[in-house]
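See structure below.
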Amino acid sequence: MTTAPLVAIHGLTVAFDGQHALRGIELAVMPGEAVGLVGESGCGKSVTWLAALGLLPPRARIGGSARIDGTELIGAPAATLDRVRGGRIAMIFQDPASSLNPVHRIGRQVAEALMLHRGMTGRAAREEARRLLDQVGIPDAARRLDAYPHELSGGQNQRVMIAIALAGRPELLVADEPTTALDVTIQAQVLDLLRQLRRDTGMALVLISHDLGVVADTCERVCVMYAGRIVEEAPTERLFAAPAHPYTRGLIGALPPIEGPRRPLLAIPGGVPEPWAMPPGCAFAPRCALRVAACDAGLPADAAITDGHRAACLRAEAAPLLAEPAVA
């Protein structure tokens, strides 16, 4: 029996002032699974979920569909979005200092989320806030309730943000670059915490990152984004073993090998095109060594490589990355 997706996104487009930032996102998240969304800055990773949750400014023009258990979110009334945001889908961001209110104590901010999503107030809310802080690994949680954000470290503030996200008991947590502003040791601790919370609560996870290494040990499936499209999707182990899209091969080729002989790291030349300067056809073509004339004729459709593995490339070929990545 096939399980229905928890969240299904189809043909999602976003345009700002007539320039497209998303160009048809197709993505499904199953209950309880962990999905990585990776790509360079400017590919549209964060915009995808901001659009789905109705968090973009009014000037954004959004098309397509984003559904949770069949409930349409695109264009949904505010009351529907208020029930979903924080309640069924929670989102945390890379800089907790910009998300936490500096003039309110930590306990009050966690309790506010508990009041909004679970109707808890007073002593019950404070005790649940303490339990949540303890769950996310903040030492001496009872005392930290009365602390201000500036009295905590960056890693502790990120744990507070995770506690606030958990307050509504979400079915899906979207973590937008949650470790970027943290040092390597704290990064590992936060990723371990997210894995533990998934085991304990059964919630699904979408981990947004520009770093393939961050999602390698955390996610079961990876979607690679480029210029507002998902260009490759595969189970994590297969993606790293046999990437099919030249862009994915370039990203993996830029990672230093943990084992085996040393080799020079090659950067992908150029940069992600701006929405107002999108090349005809495949957006990656100007940076790709496999480019042919047909690449400029139109957007390449998704090609099924194997079951669960697809890539949007005319010359997609799943093969081990043995030498240099296929980029110019």
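Summary of values
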{"read-out": "Every residue from the stretch 195-226 that is under 16 Å from residue 171 (Cβ atoms), open to solvent by less than 10 Å² (accessible area, probe 1.4 Å) and part of a helix (DSSP H, G or I)", "value": "197"}
{"read-out": "Verdict on residue 297 being at pLDDT below 90, open to solvent by 60 Å² or more (accessible area, probe 1.4 Å) and aliphatic (A, V, I, L, M)", "value": "yes"}
{"read-out": "Output for the stretch 247-263, where each listed residue is over 24 Å from residue 226 (Cα atoms) and surrounded by 11 or more Cβ atoms within 10 Å (Cβ to Cβ)", "value": "263"}
{"read-out": "Subset of the stretch 82-111 [under 16 Å from residue 132 (Cβ atoms), open to solvent by 20 Å² or more (accessible area, probe 1.4 Å) and without any contact (Cβ under 8 Å) to a residue 40 or more places away in the chain]", "value": "108, 111"}
{"read-out": "Residues of the stretch 56-77 that turn out to be without any contact (Cβ under 8 Å) to a residue 24 or more places away in the chain, surrounded by fewer than 16 Cβ atoms within 10 Å (Cβ to Cβ) and under 27 Å from residue 162 (Cβ atoms), as a count", "value": "2"}
{"read-out": "Qualifying residue in the stretch 179-190 (condition: crowded, with 22+ Cβ neighbours inside 10 Å and within 30 Å of residue 11 (Cα to Cα))", "value": "yes"}
{"read-out": "Residue check for residue 232: of a type in the set (Asp, Glu) and open to solvent by less than 10 Å² (accessible area, probe 1.4 Å)", "value": "yes"}
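The values are calculated or read from the model by the stated rules, or taken from the named source; none is laboratory data. Quick caveat, the model's predicted, so the values are computed rather than measured. Please note: Cβ atoms are built from the backbone with ideal geometry, for glycine as well, and neighbour counts cover all protein chains shown. Accessible surface is based on the protein model in full, side chains and every heavy atom, while ligands, DNA and RNA are left aside. Shrake-Rupley method; radii C 1.70, N 1.55, O 1.52, S 1.80 Å.
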